[in-house]
Amino acid sequence: MSGAAEARPKVLVARMLLPAGMELLAERCEVVEGGLDVSSERLLELAPGAVAMVADPTVAVGGELLDATGPQLQVVANFAVGHDNVDLDACRRRGIAVTNTPDVLTNATAELALALTVAAARRMSEAEASLRAGRWVGWDPGAGLGLELSGATFGVVGMGRIGRRYAELVTPLAGETLYVSRTPKPEAERDLSAVRVELAELLGRADVVSLHVPANPETTGLIGSAELRAMRTHAVLVNTARGALVDSAALARALQEGEIGAAGLDVYETEPDVPTELLQAPRCVLLPHIGSATTTARDGMARMAAENVLAVLGGSEPPNRVV
Ligand code: NAP
């Protein structure tokens, strides 16, 4: 019997972690991985005895899982910057640290928001689908007309890390940049000439509305029927933040009825289900939650999640503490 092996702390990786993080953890810990298709019942079986858990946006970390894991659990390291999948109060009450992976995914997510902006404005999904289906019969001066972005008014909802980077990326195109944030962002106002306004004003003036706020009780349902009606009829809505921000039935209706011009979505209310009405809606680009899916970002996130676990287990302050 090896004393050293016995002393290795158990880390539960709820689903999977890329090698950049796994290798760091495996040097010092016994790592148990649930796998990509782990069920919530299986997680409850794997959890007991873990001193650290690596979760991701698909893993609901609440009282039941925390209780099953046991009182020795010290940290939940979320493999994401968003942490709406983690019950922060339940962790706080149990003295469990919660960490996330900010910054390393900012470029990737902002770039995807830019890609969705252009793809939705220029109706790329339907154009490509038509070509692939053999329906393209030649250049047509009136077909597939979209929104020109040069000189457009961009509306950034949530001027945090990703919102700011998106604003930087669109600045060369923007006629004007409006933003909504809880607190003023003097640097964005100085460097990007961004103007802070109320959401109602942004919705009424912007040609593009891009969402970058976290999902929380305050932002759930931020964009519903009334907000969609307040948008310009040619405007593009982009959501790379969280599905909970947008009422997808209302969005599908707004697209069907021409209340807004187009939408580009990376996230949905109950992933991986994509509401049928959205699948059927016109002028809508739909991606499967790939905002942070670059090698650079995902390796950085994996390393960061592992470093947060190791810091807590080593008795240090984790670099990316949320709670
Ligand atoms: P962040 O730096 O914390 O920025 C969030 C911004 O939202 C902050 O400016 C904050 O204002 C603002 N905000 C928060 N609550 C608000 C409210 N109720 N009303 C108005 N503004 C509010 O976060 P981030 O790193 O940019 O990430 C943003 C979100 O993107 C994450 O939470 C996550 O859900 C999502 N995300 C998605 C993907 C993907 O794969 N699609 C990838 C990464 C992130 P203050 O600055 O005043 O606090």
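Since every read-out is calculated from the coordinates, none of them should be taken as a lab result. All values derive from a computational prediction rather than experimental measurement. Don't worry about glycine lacking a Cβ; one is built from the backbone with ideal geometry, like all the others, and counts go over all protein chains shown.
Before moving on, here are some points about what is shown:
- Here is the list for the stretch 153-252: trypsin sites (Lys or Arg not before Pro) lying in DSSP coil, each with at most 15 other C-beta atoms within 10 angstrom of its C-beta, are R182.
- Remark: relative contact order (the stretch 1-141) = 17 percent; criterion is Cα-Cα distance under 8 angstrom and separation of 6 or more residues.
- Modelled this way, with points 7 Å down the Cα-to-C-beta line, the labels at A68 and N216 are 2.8 nm from one another.
- In the chain, helical runs assigned H by DSSP with n ≥ 4 each contribute -39500 (n - 2.57); averaged across all residues and rounded to the nearest 500, the mean residue ellipticity at 222 nm is -10500 deg cm²/dmol.
- Each other residue within a Cβ distance under 13 Å of S181 adds +1 if Lys or Arg and -1 if Asp or Glu, for a net charge of +1.
- Nearest-20 debye value, the stretch 141-189 charge dipole, Cβ charges on Lys, Arg, Asp, Glu: 280 debye
- Pairwise FRET efficiency - D37 versus T296, Cβ, R0 = 25 Å, nearest 0.05: 0.40
- Measuring between their Cα centroids, the stretch 178-228 and the stretch 249-321 lie 18 Å from each other.
- Stretchable slack from T171 to E45, in nm (0.36 nm times residue separation minus alpha-carbon distance): 40.4 nm
- Extending 7 Å from the Cα toward the beta-carbon at both A200 and W139 defines two label points whose distance is 4.8 nm.
- Highest mean first, the peptides 31-44, 276-289 sorted by other C-beta atoms within 10 Å per residue fall in the order 276-289, 31-44.
- Rounded if a/c under 1.5, otherwise prolate or oblate - the stretch 194-291, Cα gyration tensor axes: oblate
- With a cut-off of 18 Å on the backbone N, the residues of the stretch 29-45 near the modelled label site 7 Å out from A60 along Cα-Cβ are 37-45.
- Amide H contacts of V31: V11, each under 5 Å away and 5 or more positions distant or on a separate chain (H built 1.01 Å from N in the peptide plane; Pro and chain starts excluded).
- Whether the stretch 122-279 is rounded, prolate or oblate, judged on the alpha carbon gyration tensor where a/c under 1.5 counts as rounded: oblate
- Rounded to 10°, Cα long-axis angle of helix 106-121 versus longest principal axis of the chain: 30 degrees
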